[in-house]
Amino acid sequence: MISENLTNVLSKLKRTAIEVSRLPESIRLVAVSKTKPNEDILMAYNAGQRYFGENYVQELVKKSKELPKDIKWHYIGSIQSGKVKDLCLIENLSLVETIDSIKIADAFQKRLTLLERKEKLNVLVQVNTSAEDNKSGVEPDNCVELVEHVFNNCPLLSFKGLMTIGKFGEEGKKYFKKLSEVKLKVIEKVKCEEFELSMGMSNDFEDAIREGSTNIRVGSTIFGVREREEKK
Ligand SMILES: *Cc1c(COP(=O)(O)O)cnc(C)c1O
């Protein structure tokens, strides 16, 4: 089941990319495995999937110890300063998608300095495109300031682009467009060779690809519905 679901998502990814004249290889599928057991993750792993996303720090710490080391973990949950240390200790943490304040960026910089980490940590800045109080992310108007802060003051963080959750439904496209607009503002100010846009989930990843997503985060379509839902 899981491997079939994965194949289906990948073929939709490919079809949609081709439809809008994009290279399918320029879009990464992150399998969001939060709340799911290791056996499920291994099924996807054995089918060739290597990028996995988690949004609870403790769960990610545990899974990263138990599962193969060539998994590339993406952290996609909200971050409290007190949890930054645990995240920094995960060797195969590939991308932190949810930097949303100067305070959190500084907490990572400080912790990585203490750990004497040589490699930079890849990060995205999360933007609250839909201006909802219950969604985390920096306000679009404050995004450039945060990105500049990361560039100027956090040498151990490597800024890779922007992430958003947006909203389900027809209206959702508007928020993907919004993220692309924020990207334009950012690249006026900072020089980036590559620029990721992380947007699109189970229900809207095809729209997100049409709007330029380079990183889709798909959970329930691959692993089935989750019994335990997000806290918040
Ligand atoms: C849970 C989650 C997803 C995946 O959601 P699905 O609808 O199950 O595909 C994607 N992004 C974030 C930030 C999430 O928390």
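For the condition touching a residue at least 60 places away in the same chain (Cβ under 8 Å) and either within 15 Å of the ligand (Cβ to nearest atom) or surrounded by 13 or more Cβ atoms within 10 Å (Cβ to Cβ) (or both), what is the one hit in Val9, Val61, Val57?
Of Val9, Val61, Val57, the one residue that is touching a residue at least 60 places away in the same chain (Cβ under 8 Å) and either within 15 Å of the ligand (Cβ to nearest atom) or surrounded by 13 or more Cβ atoms within 10 Å (Cβ to Cβ) (or both) is Val9.
So in segment 71-114, with the set limited to residues that are polar (S, T, N, Q), within 16 Å of the ligand (Cβ to nearest atom) and over 19 Å from Asn142 (Cα atoms), which one is surrounded by the most Cβ atoms within 10 Å (Cβ to Cβ)?
Ser94
Yes or no, residue by residue, for (1) within 8 Å of the ligand (Cβ to nearest atom); (2) among the hydrophobic types (A, V, I, L, M, F, W, C); (3) under 14 Å from Gln126 (Cα atoms):
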| residue | (1), (2), (3) |
| --- | --- |
| Lys177 | no, no, no |
| Ser180 | no, no, yes |
| Lys185 | no, no, no |
| Lys189 | no, no, no |
| Leu197 | no, yes, yes |
| Asn203 | yes, no, no |
| Gly212 | no, no, no |
| Val218 | yes, yes, no |
| Glu227 | no, no, no |
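Would you list the helices (runs of 4 or more DSSP H) that sit entirely within segment 160-232 and hold 1 or more residues that are hydroxyl-bearing (Ser, Thr, Tyr)?
The helices (runs of 4 or more DSSP H) meeting that bar are 172-189, 220-223.
Is it the case, given these coordinates, that Met1 is modelled with pLDDT under 95 and either surrounded by fewer than 21 Cβ atoms within 10 Å (Cβ to Cβ) or farther than 18 Å from Leu95 by Cα (or both)?
Yes, satisfied.
Give the number of residues within segment 1-26 that are of a type in the set (A, V, I, L, M, F, W, C) and under 24 Å from Arg226 (Cβ atoms).
So the count comes out to 6.
What are the pairs, 6+ residues apart or on separate chains, where a residue within segment 28-52 that is closer than 22 Å to Arg210 by Cα has its Cβ under 6 Å from a residue that is among the small types (Gly, Ala, Ser) and within 16 Å of the ligand (Cβ to nearest atom)?
Every condition considered, the pairs that remain are Val30/Gly53; Ala31/Ala44; Val32/Gly53; Val32/Gly219.
The values are calculated or read from the model by the stated rules, or taken from the named source; none is laboratory data. From a predicted model like this one, the values you see are computed outputs, not experimental measurements. As a convention, Cβ positions derive from the backbone with ideal geometry for all residues, glycine included, and neighbour counts pool all protein chains shown.
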